[in-house]
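The values are calculated or read from the model by the stated rules, or taken from the named source; none is laboratory data. Only a predicted model underlies this, so the values are computations on that prediction, with no experimental measurement involved. Here the Cβ positions follow ideal geometry from the backbone for every residue, glycine too, while neighbour counts run over all protein chains shown.
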Amino acid sequence: MQKNQFPLRRSLEADLRELSAIRALLERQTAPVTLRFHRELQQTRGRRNDRLESPSLWQQLGVMVEIYHHGVITYAGTADVSAAGIHRTIEKARRSAEALGRHSLGSFQPEVHPSTSGTYESPHLETLPQVHFDAVDELLIETNRSMANSDRITQRVSSLQLTEVDSLTISNTGAHRHQQFAYWTTAAAATAEKENEVQTRSVNGSHSHCYQGGIENLHIQKLCRDAAQAADEALALLAAENCPSGEMDVILAPDQMLLQIHESIGHPLELDRILGDERNYAGWSFVKLEDFGQLQYGSELLNVSFDPSLRHEFAAYAFDDTGARATREMIIEKGILKRALGSLESQARSGVPGVANARAASWNRAPIDRMANLNVEPGSTSLPDLISQVENGVMMMANTSWSIDDYRDKFQFGCEIGHRIQNGKITGIVKNPNYRGRTLQFWRSLKAVGDRSTVEVYGSPYCGKGEPSQIIRVGHASPACLFAGLNVFGGGQSC
Amino acid sequence: MLKSVQMFFESYSQNLFQSLTPEENLILQMSGEECHYLRWNSGRIRQSTEVEQFEVTWTYQWKERQLELTLQLTLNLQQDLALAQEFLERLRAQAPLLEVSHQLAPLIQAERHVSIGAVPQRDMAEVAATIENASQGLDLVGFWASGPILRGVSHSQGLFLFEARDTYFFDYSIFTKTSREENKAVKGFFSESSWQEDWGVRWQEQLQHLKKDLEILTRPNHAVPPGKYRTYLSPSALQGLIDTLKWGGFSYASYKTGQCPFKDLIEKRARLSKLVTLRENFTLGFAPHFNSLGELPPEILPLIEQGEHRNSLICGKTAKEYQVISNGGESGGWGTESPRSLEMLPGDLAPEKALETLGTGIWVNEVHYCNYSDRKSARITGMTRYACFWVENGEIIAPIEDLRFDVNMYNLFGEDLIALTQKAQDLRDVGTYHLRNWAGNRLPGALVRNFEFTL
């Protein structure tokens, strides 16, 4: 490794020294056993008010053992990836399978965890050695500086996180999958203060610039430009009026559509949630199994795809963590709900068509149904035309608050900034724009969908779910979208 | 087993410390668990996952430069030290290129404290059978977590602190439907401070008690139009709001960076009701006393006392940055401090009088997905969840449809706070993101007016 090289680019073989012995151990098992090795090397750098925050590095390596015993899949994970450690863990899983299998909710055919083989790589991994500390530092320093446009800007934050992941799955039934990922997250935000007013404006919301890939993700000039604009807007928001209250048309920018899609399409359509697995924690869903193929989820303009093949988007992959090959599927077409976000296990339990989406956060968690790249497809209306359709409304940008009920119905969102629209023209900015609604009513009020020129791609490293809980990466691309008659309100002491 | 982990941590620490140069310092924080998780749906096991995981977080310092590193541990000393040396070289290569840190963590005075609890033998087949048998006829969904968890801190100037406990909990819900087929549920939580073979007896007593609430839940929903209502918040419901306030509300770093919802309280432009006293209280046993830098906060630290701000939590790194004195606050996510063992002092409302005193209004047992709707104004939105009821003249009439609320904490804990119950409830943290949390709250119930439901 070169001294100035930022990514670690550490070979997996360096960390799995007993792989031959492990393979031999695996072959000696009588029951079907799968080993999912997961290694993460994550580096985070940040600056606040031109000062370096302590750089951090996080290394994880372990294996999740899956044993298939009389139709039941039992899990045991360990960080001891020696042959002896894995042998011990296989025995632990086997004992649990024998002791607990009779209490299992149901049994599966082995095909729900197919013994597939293949590889995947994030795009442009070969460029990673070209990413140097100097360039990372330059990005953070210049972005910080670009936000220093006033004494009223009291906080200027910029950060970059690079996570290199290797996922290797082998089994004694023929599975061999190796997927390598490089995940990037960049963020910048400025906080402005005047007397008792505080406003924070970021580059498209907190940690939404999330992508896979190589050096092409170091957009120094673009980030500086966007950060400078964020600082300008933070200042402007100090003097802005509160967002007005009332029923009005709303254009949601892609960096708010990110959360709207996530909370009110992604989570309600997770099939394990519909089957009740999450009811003690993250909740259930208003969606029923019989809704697939017929429920009018949104207006005819709503088309939503599950697309793990978009390799630059944050949650791209070739296989999910149970071995299902990942393919692009339409989830909602012309407003009609077509397909669930459900893995092979959930599809077997429910009889409903799904996708390859069983994923685990790391080696220490079992895979469960997760959304991945979930995108609203573009329409045909330009942004100026979207705006011209609004007589009385707001265009809201950059999510800052999100909340939804445990059936994924009643929601409330807040954004960093609103642009007031009156008689088809933007007339000024407003602060603390919020809106609330109900999921089906909301998506059925979709009045116009922006064209390709309005599409932006975002993601999040922080989608949480499950018991035990786990955080997963997701991607959401969307055009700007116009919704009719939403319940809008501003900030302040009361709503 | 826990003793051997402690000895591993000591050996790991000593080996590393001996390899440091005079200009280097190192703080090590070890976290780990060996847990069995059972996920339940419809009264049967949906997934069984056992995890043994240990990790160590370094705070490495060289000539006042600072880097942080977290490494997975296998507990094979030779192997883990080999990895450590490899990454130490990386840190040594990076440190000279850094600036002097404005957040240099302190190396506190050396001391030694080890506390290790017993690890019982636990027959998981018996646990599963107990739960399944008691769930017959019930739609039970739940999460069982059991096994030892540990935390340790050492540093290169001689500190060694280590605490390890076996713990377990069963967090669960029981679902039913109203006569109009509306889904309803009650929430239960069972945990004891030490493992007893007959835990199932007491858990089933709790289950019987919850079944009474299930009966009421079969009545059709009472429609509640949006508006402001007299409302009783159970300790668990209050926890939903308090846990949201923990995002910056009690953090000095949050205050200094403009992200604290209690800025007006801190700067004495606002106050809360005299009924409100909140403090970090480590005598409750919810969490290890030491923080991740080995700092020992006061056993009891008042945060808000009779409605007035007293202290914000300050960790060593924040103290260095802002040139203030640390009070051992724990640095949570996003560089801000968060309470680990929070207590709100109770009031004088007898629990058995709560319904009668509520009179007519809404009884909220649980809330869901709370978030700031306006952080600066300390406004929080969220949803009611589980067994929440419409009450008339002190009598529970019917369950309610889940409602969205949006309330200002200055009002809720200010002029709209009517009373707090005499008895506070211990609520252990059941979070398991990455590792099991080791924290908790002790909170009373709260009777309030003007609690605003919006949807």
**Fill in**
Those residues of segment A:106-141 that are buried (at least 16 other Cβ atoms within 10 Å of the Cβ), within 14 Å of chain B (Cβ to nearest Cβ) and in a loop (DSSP other than H, G, I, E, B) come to a total of 2
**Complete:** Over segment A:312-322, the set of residues away from chain B (no Cβ under 14 Å), in contact with a Lys or Arg (Cβ under 9 Å, 6 or more places away or on another chain) and assigned to a loop (DSSP other than H, G, I, E, B) is A:314, A:315, A:317, A:318, A:320
**Item:** Residue list for segment B:367-408, filter: buried (at least 22 other Cβ atoms within 10 Å of the Cβ) and over 21 Å from residue A:414 (Cβ atoms)
**Value:** B:386, B:387, B:388, B:389, B:391, B:399
**Prompt:** So, of the residues in segment B:36-87 that are more than 7 Å from every other protein chain (Cβ to nearest Cβ) and of a type in the set (Val, Ile, Thr), which turns out to be farthest from the chain's Cα centre (by Cα)?
**Reply:** B:59
**Request:** Output the number of the condition that residue B:50 fails; it satisfies all remaining conditions of (1) surrounded by fewer than 20 Cβ atoms within 10 Å (Cβ to Cβ); (2) in contact (Cβ under 8 Å) with a residue 12 or more places away in the chain.
**Result:** (1)
**Fill in**
Counted residues in segment B:352-369 being part of a strand (DSSP E or B) and either free of Cβ contacts under 8 Å to residues at least 24 places away in the same chain or more than 7 Å from chain A (Cβ to nearest Cβ) (or both) come to 8
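Okay, residues lined up against (1) closer than 30 Å to residue B:166 by Cβ; (2) within 14 Å of another protein chain (Cβ to nearest Cβ):
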position: B:405; (1), (2): no, yes
position: B:412; (1), (2): no, yes
position: B:420; (1), (2): no, no
position: B:433; (1), (2): yes, yes
position: B:446; (1), (2): no, no
**Item:** residue A:346 being in contact with a Leu (Cβ under 9 Å, 6 or more places away or on another chain), closer than 22 Å to residue A:458 by Cα and touching a residue at least 12 places away in the same chain (Cβ under 8 Å)
**Value:** no
**Message:** Considering only residues that are farther than 20 Å from residue B:215 by Cα, in a strand (DSSP E or B) and touching a strand residue (DSSP E or B) at 6+ places or on another chain (Cβ under 6 Å), which ones fall in segment B:373-391?
**Reply:** B:373, B:379, B:380, B:381, B:382, B:383
**Request:** Could you give me the residue pairs with C-beta distances under 6 Å whose first residue belongs to segment A:267-281 and is away from every other protein chain (no Cβ under 12 Å), whose second residue is among the charged types (D, E, K, R) and in a strand (DSSP E or B) wherever it lies, and which are 6+ apart or on separate chains?
**Result:** A:270/A:369; A:271/A:369
**Fill in**
Filtering segment B:88-106 down to residues that are within 33 Å of the chain's Cα centre (by Cα) and among the small types (Gly, Ala, Ser) yields B:101, B:105
**Asked** If you take the residues of segment A:283-329 that are free of Cβ contacts under 8 Å to residues at least 40 places away in the same chain and over 21 Å from residue A:473 (Cα atoms), which of them is surrounded by the most Cβ atoms within 10 Å (Cβ to Cβ)?
**Response** A:300
**Complete:** Exactly one of A:408, A:473, A:452 is touching a Pro at 6+ places or on another chain (Cβ under 9 Å) and surrounded by fewer than 23 Cβ atoms within 10 Å (Cβ to Cβ), and that one is A:452
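Before we move on, is residue A:227 in contact with a Cys (Cβ under 9 Å, 6 or more places away or on another chain), surrounded by 19 or more Cβ atoms within 10 Å (Cβ to Cβ) and either within 25 Å of residue A:162 (Cβ to Cβ) or away from chain B (no Cβ under 14 Å) (or both)?
Taking the combined requirement at face value, the residue does not satisfy it.
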**Message:** For segment A:363-405, which positions are surrounded by fewer than 24 Cβ atoms within 10 Å (Cβ to Cβ), part of a helix (DSSP H, G or I) and not polar (S, T, N, Q)?
**Reply:** A:383, A:384, A:385, A:387
**Item:** Restricting segment B:2-26 to residues that are of a type outside the set (Asp, Glu) and over 30 Å from residue B:147 (Cα atoms), the residue that is surrounded by the most Cβ atoms within 10 Å (Cβ to Cβ)
**Value:** B:25
**Request:** Determine whether segment B:264-271 contains at least one residue that is over 18 Å from residue B:429 (Cα atoms), in contact with a helix residue (DSSP H, G or I) (Cβ under 7 Å, 6 or more places away or on another chain) and crowded, with 24+ Cβ neighbours inside 10 Å.
**Result:** no
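Matching residues to (1) within 21 Å of residue B:145 (Cβ to Cβ); (2) more than 10 Å from chain B (Cβ to nearest Cβ); (3) touching a residue at least 60 places away in the same chain (Cβ under 8 Å); (4) assigned to a loop (DSSP other than H, G, I, E, B):
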position: A:25; (1), (2), (3), (4): no, yes, yes, no
position: A:35; (1), (2), (3), (4): no, yes, yes, no
position: A:39; (1), (2), (3), (4): no, no, yes, no
position: A:60; (1), (2), (3), (4): yes, no, yes, no
position: A:74; (1), (2), (3), (4): yes, no, no, no
position: A:99; (1), (2), (3), (4): yes, no, no, no
**Unique residue being hydroxyl-bearing (Ser, Thr, Tyr) and at pLDDT 95 or above when the list is B:377, B:341, B:373, B:331** = B:341
**Message:** For the structure I just gave you, tell me whether residue B:171 is modelled with pLDDT of 95 or more, touching a Pro at 6+ places or on another chain (Cβ under 7 Å) and closer than 23 Å to residue B:32 by Cα.
**Reply:** no
**Request:** Confirm whether residue B:110 is of a type in the set (A, V, I, L, M, F, W, C), at pLDDT 95 or above and surrounded by fewer than 22 Cβ atoms within 10 Å (Cβ to Cβ).
**Result:** no
**Message:** Please verify whether residue B:118 is small (Gly, Ala, Ser), touching a residue at least 24 places away in the same chain (Cβ under 8 Å), in a loop (DSSP other than H, G, I, E, B) and more than 8 Å from every other protein chain (Cβ to nearest Cβ), treating the condition exactly as stated.
**Reply:** yes
**Item:** Subset of segment A:407-421 (residues that are at pLDDT 95 or above and either within 15 Å of residue A:240 (Cβ to Cβ) or of a type in the set (D, E, K, R) (or both))
**Value:** A:408, A:409, A:414, A:415, A:416, A:417, A:418, A:419, A:420, A:421
**Residue under evaluation residue A:453, criteria (1) more than 8 Å from chain B (Cβ to nearest Cβ); (2) touching a helix residue (DSSP H, G or I) at 6+ places or on another chain (Cβ under 9 Å); (3) assigned to a strand (DSSP E or B), criterion not met** = (3)
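Residues that are touching a Gly at 6+ places or on another chain (Cβ under 6 Å), at least 1 per element: which strands (runs of 3 or more DSSP E) completely within segment A:200-311 meet that?
Because the criterion is at least 1 residues that are touching a Gly at 6+ places or on another chain (Cβ under 6 Å), the strands (runs of 3 or more DSSP E) in segment A:200-311 that meet it are A:209-212, A:246-252.
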**Request:** Please go through segment B:77-100 and pick out each residue that is of a type in the set (S, T, N, Q) and without any contact (Cβ under 8 Å) to a residue 60 or more places away in the chain.
**Result:** B:78, B:79, B:94
**Asked** Within segment A:417-439, restricting attention to residues that are more than 9 Å from every other protein chain (Cβ to nearest Cβ) and touching a Leu at 6+ places or on another chain (Cβ under 8 Å), which residue is surrounded by the most Cβ atoms within 10 Å (Cβ to Cβ)?
**Response** A:417
